[in-house]
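**Student:** First, the structure itself, so that you have it in front of you.
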Amino acid sequence: MDFHADPGFAGIERFESKLWLASPTMHGEEKKWVDDAIVTNWVSTVGENINETEKKMAEYVGCKYAVGLSCCTAALHMAIKLAGEKLYGQARPSEGTLAGRKVFCSDLTFDASVNPVAYEDGEAVFIDTEKDTWNMDPAALEKAFELYPDVKLVVVAHLYGTPAKMDEIRKICEKHGASIVEDAAESLGAKYFSGGEWKETGSLGDYNAISFNGNKIITGSSGGMFLTNSREDAEKVRKWSTQSREAAPWYQHEEVGYNYRMSNIVAGVVRGQIPFLDEHIARKKAIWERYKEGFKGLPVSMNPYDSKKSIPNFWLSCIIIDEDAMAPHVRGDKDELWKKTSGKSSPGEILEALAAFNAEGRPIWKPMHMQPIYCENAFVTVEGNGRGRTNAYIEGGGIDVGADIFRRGLCLPSDIKMTAEQQDRVIEIVKRCFA
Ligand SMILES: Cc1ncc(COP(=O)(O)O)c(C=O)c1O
């Protein structure tokens, strides 16, 4: 559809430079630390930027130890491997620590949360989503333990910077003797009220991971971190991530190694960003609130959070369209068709309209149980087994909260460099889609 020729969008100007979903925001301090690394010749995977970044992030998140890595995917791999080794013992070099084991995983997340389970030869079982925070549903997790009582590991992500219901999840895990890997890639700086105090995401699991990917709340261009209160775990991850060298004068190896360590250049960028983390969060929050206000009267809601138990970092602002305001639309594996319908809209229409005006939105992350690569993995909802629920003779297909959020939701431009005027234009474009 040609949105510019459509009288329904008359008077709206195309953004001259692209409005991004979430792009890096540099402040100048980053350059100082990158230059410092170059001038002092610490252009390697050791150096003061790494030491300082680890120290500062451990302090901020409230964990005793932080290990800087090349990305959060690496941190999650190390976390999941470590958990697997502790639960099931050391694996042979050719086999993952989770061979033949199931792991419960958030379903509505980015695939980097769960791929490390496959790296370790494990099998992810996806747990459906609850509507209050769009994260792992504790009731579905409880059902999963009924179906698979032997499972001892749970991977939980905090979607779009909104903390999951960690107290409930932790309680269920404790009951079943399971450990938690916390994927706080999107939620650095988000807080959760637990045990009478506010705690940071990234400190709530038994093994925790954060990300400094270019689109995250602060960035190093890339980079990630493993966070823990266990000195032994930190030392193990440090060893594995630097090729598993033993204390010998030559290269001596007793375990499989990885080249996962953070670079001192990347750490310089992160070091320069850390002082601005709280400011970034405040700006993200203002964006979320401006959208909420701007969409009043429209048949949409913002991505929700529990205001008593959590303070998100508001990394991405999203909306979900009311069911009765959904225009007809269909999605294939790689494409989408939607129909212009008066008073209604669809994620496809809104995303196309935004793109036509040079603004970047994105569909909600497609749930893992719907991904072709994981379509044979088990999926558990509040009703129990989420697979094979349809019946030719009975109407209805069962509850699938994640699929519903994917169908009706979308992520909006959430870049902190977006001005109020630009955001108002985004709001106007969304409104016109419902005209
Ligand atoms: C939920 C989630 N987990 C893990 C990752 C992986 O992080 P990284 O890109 O630092 O490897 C990302 C994003 O990239 C993410 O959004």
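**Student:** Which residues, taken from the range 116-136, are within 16 Å of Leu82 (Cβ to Cβ) and in contact (Cβ under 8 Å) with a residue 40 or more places away in the chain?
**Tutor:** Listed by number, the residues that qualify are Pro116, Tyr119, Glu120, Gly122.
**Student:** Return the only residue of Arg283, Arg271 being crowded, with 24+ Cβ neighbours inside 10 Å, away from the ligand (no atom under 14 Å from the Cβ), modelled with pLDDT of 95 or more and of a type in the set (Lys, Arg).
**Tutor:** Numbers: Arg283 fails: crowded, with 24+ Cβ neighbours inside 10 Å.
After applying the criteria, what remains is Arg271.
**Student:** Here is a follow-up. Please work out which one of (1) surrounded by 23 or more Cβ atoms within 10 Å (Cβ to Cβ); (2) in a helix (DSSP H, G or I) is the condition Leu227 fails and give its number.
**Tutor:** For Leu227, the failing item is (2).
**Student:** Can you name every residue in the range 147-166 that is part of a loop (DSSP other than H, G, I, E, B), of a type outside the set (D, E, K, R) and either away from the ligand (no atom under 16 Å from the Cβ) or more than 19 Å from Gly386 (Cβ to Cβ) (or both)?
**Tutor:** Within the range 147-166, Tyr148, Pro149, Val151, His158, Thr162, Pro163 qualify.
**Student:** Which residues, counting only those in the range 201-220, are within 16 Å of the ligand (Cβ to nearest atom) and either touching a helix residue (DSSP H, G or I) at 6+ places or on another chain (Cβ under 6 Å) or of a type in the set (Val, Ile, Thr) (or both)?
**Tutor:** Hits for the range 201-220 are Thr201, Gly202, Leu204, Tyr207, Ala209, Ile210, Ser211, Phe212, Ile217, Ile218, Thr219, Gly220.
**Student:** Tell me yes or no: at least one residue of the range 8-20 is modelled with pLDDT of 95 or more and within 16 Å of the ligand (Cβ to nearest atom).
**Tutor:** Within the range 8-20 (the criterion being modelled with pLDDT of 95 or more and within 16 Å of the ligand (Cβ to nearest atom)), the answer is yes, since at least one residue qualifies.
**Student:** Pick out, from the range 326-390, the strands (runs of 3 or more DSSP E) lying fully within it that include 3 or more residues that are surrounded by 16 or more Cβ atoms within 10 Å (Cβ to Cβ) and touching a residue at least 40 places away in the same chain (Cβ under 8 Å).
**Tutor:** Here the list reads 379-381.
**Student:** Restricting to the range 48-64, what's the tally of residues that are touching a helix residue (DSSP H, G or I) at 6+ places or on another chain (Cβ under 7 Å), within 14 Å of Met262 (Cβ to Cβ) and surrounded by fewer than 22 Cβ atoms within 10 Å (Cβ to Cβ)?
**Tutor:** Result for the range 48-64: 2.
**Student:** In addition: Any residue at all in the range 240-256 that is hydrophobic (A, V, I, L, M, F, W, C), out of contact with any Pro (no Cβ under 6 Å at 6 or more places or on another chain), assigned to a helix (DSSP H, G or I) and at negative phi?
**Tutor:** Checking the range 240-256: at least one residue is hydrophobic (A, V, I, L, M, F, W, C), out of contact with any Pro (no Cβ under 6 Å at 6 or more places or on another chain), assigned to a helix (DSSP H, G or I) and at negative phi.
**Student:** Scanning for something touching a Lys or Arg at 6+ places or on another chain (Cβ under 8 Å) and in a loop (DSSP other than H, G, I, E, B), does the range 405-421 turn up at least one residue?
**Tutor:** Yes - at least one qualifying residue is present in the range 405-421.
**Student:** Quick check: anything in the range 189-211 farther than 17 Å from Leu82 by Cβ and β-branched (Val, Ile, Thr)?
**Tutor:** yes
**Student:** Identify all residues within the range 167-188 that are more than 15 Å from the ligand (Cβ to nearest atom), buried (at least 24 other Cβ atoms within 10 Å of the Cβ) and not in a helix (DSSP H, G or I); write none if there are none.
**Tutor:** Of everything in the range 167-188, nothing turns out to be more than 15 Å from the ligand (Cβ to nearest atom), buried (at least 24 other Cβ atoms within 10 Å of the Cβ) and not in a helix (DSSP H, G or I).
**Student:** Right, next: Do any helices (runs of 4 or more DSSP H) entirely within the range 35-135 hold 2 or more residues that are more than 16 Å from the ligand (Cβ to nearest atom) and touching a strand residue (DSSP E or B) at 6+ places or on another chain (Cβ under 9 Å), and if so, which?
**Tutor:** Answer list for the range 35-135: 48-61, 72-88.
**Student:** So which of Glu59, Glu52 ends up being more than 19 Å from the chain's Cα centre (by Cα), under 18 Å from Ala184 (Cα atoms) and of a type in the set (D, E, K, R)?
**Tutor:** The match here is Glu59.
**Student:** Give Val61, Val34 a once-over and let me know the one that is of a type outside the set (D, E, K, R) and touching a Leu at 6+ places or on another chain (Cβ under 7 Å). Break it down stepwise before answering.
**Tutor:** On the way: Val34 fails: touching a Leu at 6+ places or on another chain (Cβ under 7 Å).
After ruling out the rest, the residue left standing is Val61.
**Student:** Taking the condition surrounded by 15 or more Cβ atoms within 10 Å (Cβ to Cβ), more than 21 Å from the chain's Cα centre (by Cα) and part of a loop (DSSP other than H, G, I, E, B), does Leu298 pass?
**Tutor:** For Leu298, the condition - surrounded by 15 or more Cβ atoms within 10 Å (Cβ to Cβ), more than 21 Å from the chain's Cα centre (by Cα) and part of a loop (DSSP other than H, G, I, E, B) - is met.
**Student:** Being within 22 Å of the chain's Cα centre (by Cα), modelled with pLDDT of 95 or more and closer than 18 Å to Phe3 by Cα narrows it down to one of Leu351, Leu410, so name that one. Show your work before the answer.
**Tutor:** Details: Leu410 fails: closer than 18 Å to Phe3 by Cα.
Leu351 is the lone residue from the list that is within 22 Å of the chain's Cα centre (by Cα), modelled with pLDDT of 95 or more and closer than 18 Å to Phe3 by Cα.
**Student:** Could you please tell me which pairs satisfy a Cβ distance under 7 Å, a separation of 6+ or placement on different chains, a first residue in the range 175-187 that is over 18 Å from Ile80 (Cβ atoms) and in contact (Cβ under 8 Å) with a residue 40 or more places away in the chain, and a second residue that is aromatic (Phe, Trp, Tyr) and in a strand (DSSP E or B)?
**Tutor:** Going by the 7 Å Cβ cut-off, there are no qualifying pairs.
**Student:** Scan the range 257-278 for residues that are touching a His at 6+ places or on another chain (Cβ under 9 Å) and part of a helix (DSSP H, G or I) and jot them down.
**Tutor:** Selection gives Gly272, Gln273, Pro275, Phe276.
**Student:** Then there's this: Working only within the range 221-242, note down all residues that are out of contact with any Lys or Arg (no Cβ under 6 Å at 6 or more places or on another chain) and more than 16 Å from the ligand (Cβ to nearest atom). Reasoning before the result, please.
**Tutor:** Taking the range 221-242 as the starting set, the residues that turn out to be out of contact with any Lys or Arg (no Cβ under 6 Å at 6 or more places or on another chain) are 221-228, 230-240.
Thr228, Ser230, Arg231, Glu232, Asp233, Ala234, Glu235, Lys236, Arg238, Lys239, Trp240 - these are the residues of the range 221-242 that are out of contact with any Lys or Arg (no Cβ under 6 Å at 6 or more places or on another chain) and more than 16 Å from the ligand (Cβ to nearest atom).
**Student:** I'd like the full set of residues that are in contact with a Ser or Thr (Cβ under 9 Å, 6 or more places away or on another chain) and farther than 30 Å from Tyr192 by Cβ, limited to the range 299-348.
**Tutor:** Selection gives Pro299, Ala325, Met326, Ala327, Pro328, His329, Glu336, Trp338, Lys339.
The values are calculated or read from the model by the stated rules, or taken from the named source; none is laboratory data. Note that the structure is predicted; figures quoted are calculated from it, not measured. Because the Cβ atoms are built from the backbone with ideal geometry, glycine has one as well, and the counts that use them run over all protein chains shown.
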